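The values are calculated or read from the model by the stated rules, or taken from the named source; none is laboratory data. Because the structure is predicted, anything quoted here is derived from the model rather than measured. All Cβ positions, even for glycine, are placed from backbone atoms using ideal geometry, and neighbour counts span all protein chains on display.
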Amino acid sequence: MSWWRRVFGGNSEHIRPKRIDYLTEALALERQGDFDAALTSYRLALRDQPNDPRILQNMAIAFSKTGQLDDAVRSYRRALELDPQLSGAHYGLAYLLLKRGDLPGAQRHLHAFLSNPPKSAEADRWVRHAQQTLDQLAASEGPADPAPELE
């Protein structure tokens, strides 16, 4: 190996640039409350993994937090095209559709969410809220309170 190569990085065949984990970066930015920057990182993550429904679901949440509701709806729908069982996407989309006044669409997605709810201790909160909303819609009292903040 020549002196020049040793000083400036050795053999270029062995140098591999470090990949940035854009999804992890986006999640960290969201925890800090920087949803616009998180969206940038989600877009980069999606470029690397264009068919990852979880990235799309997380993007939809960030779009919702920044008031970009049409983009949120599109992201949830694309995530559900890729994974029709993605319960979080059904839940989020249902409440966005309620905001738009699409009650049948919201009911469809709430039923889909309840047919395959997430399995965790904290999921009970979301399940109760979805069931309460469906009950209120069925009783024609209108929609329940807005969805609790997603964590």
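Restrict the check to the stretch 35-45 and report whether at least one residue is of a type in the set (A, V, I, L, M), surrounded by fewer than 18 Cβ atoms within 10 Å (Cβ to Cβ) and closer than 22 Å to Arg125 by Cβ. No, the stretch 35-45 contains no residue that is of a type in the set (A, V, I, L, M), surrounded by fewer than 18 Cβ atoms within 10 Å (Cβ to Cβ) and closer than 22 Å to Arg125 by Cβ. When Arg77, Arg6 are checked against the criterion of being of a type outside the set (Gly, Ala, Ser), at pLDDT 95 or above and either surrounded by fewer than 13 Cβ atoms within 10 Å (Cβ to Cβ) or part of a helix (DSSP H, G or I) (or both), a single residue qualifies: Arg77.
Here's the yes/no breakdown for (1) in a helix (DSSP H, G or I); (2) of a type in the set (S, T, N, Q):
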| site | (1), (2) |
| --- | --- |
| Met59 | yes, no |
| Asp70 | yes, no |
| Val73 | yes, no |
| Glu81 | yes, no |
| Pro84 | no, no |
| Ala89 | yes, no |
| Ala94 | yes, no |
| Gln107 | yes, yes |
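Going through (1) more than 20 Å from Glu30 (Cβ to Cβ); (2) out of contact with any helix residue (DSSP H, G or I) (no Cβ under 7 Å at 6 or more places or on another chain) one by one, Leu110 falls short only on (2).
Residue count for the stretch 104-126 satisfying the condition of being surrounded by 14 or more Cβ atoms within 10 Å (Cβ to Cβ) and either more than 20 Å from the chain's Cα centre (by Cα) or at pLDDT 95 or above (or both): 9.
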